[in-house]
Amino acid sequence: MNRRNFLSASAALAGGAMAGSALLPGAANAATATGRDKVRLGLIGTGMRGQVLLAELVRRDDVEVVALCDIEPIMLKHALGQVAKAGKPRPRTYGEDRDQKAYQRMLDAGGLDGVIIATPWEFHAPMAIAAMQAKIPVGCEVVAGITLQDHWDVLNTQLKTGTPYMLLENVCYRRDVMAALQMVRAGLFGELLHLQGGYQHDLRAVKFNSGNPAKPYGGGVEFGEKGWSEAHWRTQHSVERNGELYPSHGIGPCAMYTKINRGNRFTRINAFATKARGLHDYIVKQPGGAQHANAKVKFKLGDVVTTTLACENGETIILQHDTSLPRPYSLGFRVQGTDGLWMDLNNSIHIEGVSKPHQWDDFKAYQDKYEHPVWRKYAAQAEGAGHGGMDFFVIHAFVEALKANAPMPIDIYDAVTWSAITPLSEQSIAANFQTLDFPDFTGGQWKARKPIFALDGKY
């Protein structure tokens with residue numbers, strides 16, 4: 001896909017990260033010990049997602065937003081308004097001239113302790129590589145790259161430069177997801193066997209709109225050059241690609257539960273896709289849609305894509321990508337072991353010897369009992385933050401890691417491993433659903449690497 005076809009005005013939906021040492025009690029003291037109690041950050045991409053992350057940045061006293069970059073003046077103006085409303089100094093701005101390389105000028109100007117990338121997917125790899133080459137730590141929205149080579153390039157740049165990189169996958173911070181992690185670590189489910197997750201979210205009104213900047217969601221069937229916000233760039237992926245296009249929301253928590261890259265790894269992958277009907281059906285059902293030119297567009301993305309992963313330690317994981325059909329939102333988590341299982345769809349849990357045979361228990365009591373320490377500590381601060389508080393935690397993790405010069409909670413190996421599911425699933429589907437070997441991005445280090453944190457909150 002041609003990078004020039006994408007504008008950095010929009011940003012990918014919900015991304016995030018998994019709690020690590022940067023979120024644990026004592027992290028703030030570690031930061032103070034280094035003498036670094038404030039960080040200067042730049043933001044590349046001030047679209048819808050960028051503005052959500054910016055809202056978290058400007059409410060922190062330990063962050064100075066010193067630079068903003070976007071090639072869409074409307075979005076840049078909105079972002080400046082956010083900063084001003086928060087009573088913070090006006091940051092330097094780049095991109096008013098619509099120069100596609102404006103981000104490079106921002107990086108070259110220096111004065112940054114870190115940069116957050118919240119642009120369309122196509123830009124993530126080149127922007128992250130440029131930042132790391134400039135020795136500027138990266139917090140990158142999902143995904144890490146488009147092609148498999150993108151992922152190797154991002155990884156190799158990080159290893160060569162030593163510049164910190166964090167994938168901002170926020171679902172790993174979801175309250176129930178983190179409570180379930182505590183349950184896994186406590187052995188409540190016994191030995192893990194099978195997990196499920198995914199991205200099951202009706203995005204039809206995200207992929208199409210009227211092209212009116214004031215109405216970024218729905219109201220028409222435009223996309224591409226005539227669309228606005230995510231409809232301007234995201235929908236084209238559904239035209240040209242067929243695979244698990246957004247894996248990290250589902251795989252992030254599952255990877256944490258199964259200790260992927262830390263004593264376990266993915267070994268095999270395959271993917272299947274249904275026929276593509278949903279987006280065309282949506283277009284023709286809108287007023288005047290049947291006569292619109294977009295009614296003739298052939299979409300390649302299957303309406304439901306199912307990806308299966310096998311793990312070195314014997315677990316299986318199923319992901320489902322379902323964004324083109326009418327449905328309520330669900331990530332479809334399932335964590336199943338020899339002693340029971342949790343499923344988020346019905347918000348229920350069953351533990352052998354505790355639950356009545358063949359009956360579900362409500363998850364709420366278990367969640368309260370196994371509440372993760374970071375939620376116990378920061379729930380009040382996270383209140384009102386985007387995506388049910390998850391966005392507070394993902395920004396908090398990145399900032400605290402920078403301040404403490406600590407390892408990134410979701411590091412480069414996690415980032416490329418989770419994100420590479422996309423090009424690998426595309427390859428599997430294109431090869432008639434072939435099962436493929438999964439690359440070991442750690443080069444064998446997964447055997448000795450330790451879990452991100454244990455029950456005592458330490459590495």
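The values are calculated or read from the model by the stated rules, or taken from the named source; none is laboratory data. Keep in mind that what you see is a predicted model, and the values were worked out from it rather than measured. No Cβ is skipped: glycine too gets one built from the backbone with ideal geometry, and neighbour counts run over all protein chains shown. Side chains are part of the model used for accessible areas, which takes the heavy atoms of the whole protein and leaves out ligands, DNA and RNA. Shrake-Rupley method; radii C 1.70, N 1.55, O 1.52, S 1.80 Å.
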Inset, instruction - Would you check if Ala379 is assigned by the TED database to the domain that holds Phe438, of a type in the set (Gly, Ala, Ser), on the phi < 0 side of the Ramachandran plot and open to solvent by 20 Å² or more (accessible area, probe 1.4 Å)? - result: no
Legend entry - Criterion (under 18 Å from Pro253 (Cβ atoms) and acidic (Asp, Glu)) met by exactly one of Asp440, Asp361, Asp411: Asp411
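When you scan segment 272-279, do you find a residue that is of a type in the set (Lys, Arg), more than 22 Å from the chain's Cα centre (by Cα), part of a loop (DSSP other than H, G, I, E, B) and in the same structural domain as Gln236 (by the TED database), even just one?
Initial filter on segment 272-279 (of a type in the set (Lys, Arg)): 275, 277.
When the remaining residues are screened for being more than 22 Å from the chain's Cα centre (by Cα), the result is 275, 277.
Then drop every residue that is not part of a loop (DSSP other than H, G, I, E, B), which leaves 275, 277.
Filter once more, so that each one left must be in the same structural domain as Gln236 (by the TED database): 275, 277.
Yes - at least one qualifying residue is present in segment 272-279.
Just wondering, is there one or more residues in segment 260-274 that are farther than 23 Å from Thr46 by Cβ, among the basic types (Lys, Arg) and surrounded by fewer than 23 Cβ atoms within 10 Å (Cβ to Cβ)?
yes
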Inset, instruction - Determine the pairs where a residue that is on the phi > 0 side of the Ramachandran plot, located within segment 330-341, has a partner that is β-branched (Val, Ile, Thr) and surrounded by fewer than 19 Cβ atoms within 10 Å (Cβ to Cβ) with Cβ atoms under 7 Å apart, the partner being 6 or more residues away or on another chain. - result: Gly340/Ile351
Legend entry - Residues being open to solvent by 30 Å² or more (accessible area, probe 1.4 Å), touching a strand residue (DSSP E or B) at 6+ places or on another chain (Cβ under 6 Å) and either aliphatic (A, V, I, L, M) or outside any loop (DSSP other than H, G, I, E, B) (or both) - total across segment 197-221: 1
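Can Ile74 be described as closer than 18 Å to Gly50 by Cβ and in a loop (DSSP other than H, G, I, E, B)? Step through it out loud before you land on a result.
Values: closer than 18 Å to Gly50 by Cβ: yes; in a loop (DSSP other than H, G, I, E, B): no.
No: the conditions fail for Ile74.
Quick grid of which residues meet (1) touching a helix residue (DSSP H, G or I) at 6+ places or on another chain (Cβ under 9 Å); (2) open to solvent by less than 60 Å² (accessible area, probe 1.4 Å):
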{"residue": "Ile317", "(1), (2)": "yes, yes"}
{"residue": "Tyr329", "(1), (2)": "no, no"}
{"residue": "Gln336", "(1), (2)": "no, yes"}
{"residue": "Met343", "(1), (2)": "yes, yes"}
{"residue": "Lys356", "(1), (2)": "no, no"}
Inset, instruction - Please indicate, with yes or no, whether at least one residue in segment 304-321 is out of contact with any Cys (no Cβ under 9 Å at 6 or more places or on another chain) and more than 27 Å from Thr417 (Cα to Cα). - result: no
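Out of segment 348-406, which residues are part of a loop (DSSP other than H, G, I, E, B) and closer than 30 Å to Pro137 by Cα? Reasoning before the result, please.
Applying the first criterion (part of a loop (DSSP other than H, G, I, E, B)) to segment 348-406 yields 352-360, 370-372, 383-389, 405-406.
Passing the criteria: His372, Glu383, Gly384, Ala385, Gly386, His387, Gly388, Gly389, Asn405, Ala406.
Any residue that is more than 22 Å from Asp150 (Cα to Cα), out of contact with any Leu (no Cβ under 8 Å at 6 or more places or on another chain), in a helix (DSSP H, G or I) and at pLDDT 95 or above - is there at least one of those in segment 436-449?
Scanning segment 436-449, I find at least one residue that is more than 22 Å from Asp150 (Cα to Cα), out of contact with any Leu (no Cβ under 8 Å at 6 or more places or on another chain), in a helix (DSSP H, G or I) and at pLDDT 95 or above, so the answer is yes.
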Inset, instruction - Kindly check whether there is at least one residue in segment 416-431 that is part of a loop (DSSP other than H, G, I, E, B) and buried (at least 20 other Cβ atoms within 10 Å of the Cβ). - result: yes
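Can you tell me which residue within segment 310-331, out of those that are part of a strand (DSSP E or B), under 19 Å from the mean Cα position of the chain (by Cα) and of a type outside the set (Val, Ile, Thr), is farthest from Glu191 (Cα to Cα)?
Going through segment 310-331, the residues part of a strand (DSSP E or B) turn out to be 310-311, 316-322, 330.
With the extra rule that they be under 19 Å from the mean Cα position of the chain (by Cα), the set shrinks to 317-322, 330.
Checking the rest, the ones that are also of a type outside the set (Val, Ile, Thr) come to 319-322, 330.
Details: Leu319: 20, Gln320: 24, His321: 27, Asp322: 29, Ser330: 25 Å.
Once the filter is applied, the top-ranked residue is Asp322.
Identify all residues within segment 80-90 that are open to solvent by less than 10 Å² (accessible area, probe 1.4 Å) and either within 30 Å of Arg241 (Cβ to Cβ) or among the charged types (D, E, K, R) (or both); write none if there are none. Before the answer, list the steps.
Going through segment 80-90, the residues open to solvent by less than 10 Å² (accessible area, probe 1.4 Å) turn out to be 83.
Answer for segment 80-90, where residues must be open to solvent by less than 10 Å² (accessible area, probe 1.4 Å) and either within 30 Å of Arg241 (Cβ to Cβ) or among the charged types (D, E, K, R) (or both): there is none.
Just wondering, is there one or more residues in segment 82-90 that are under 24 Å from Leu402 (Cα atoms) and β-branched (Val, Ile, Thr)?
Our first condition is that a residue be under 24 Å from Leu402 (Cα atoms); within segment 82-90, this holds for 82-83, 86-90.
Those still in the list that are β-branched (Val, Ile, Thr) too: 83.
Checking segment 82-90: at least one residue is under 24 Å from Leu402 (Cα atoms) and β-branched (Val, Ile, Thr).
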Legend entry - Residue in segment 176-196 that is over 24 Å from Ala404 (Cα atoms), out of contact with any strand residue (DSSP E or B) (no Cβ under 6 Å at 6 or more places or on another chain), touching a residue at least 60 places away in the same chain (Cβ under 8 Å) and not assigned by the TED database to the domain that holds Arg262 present: no
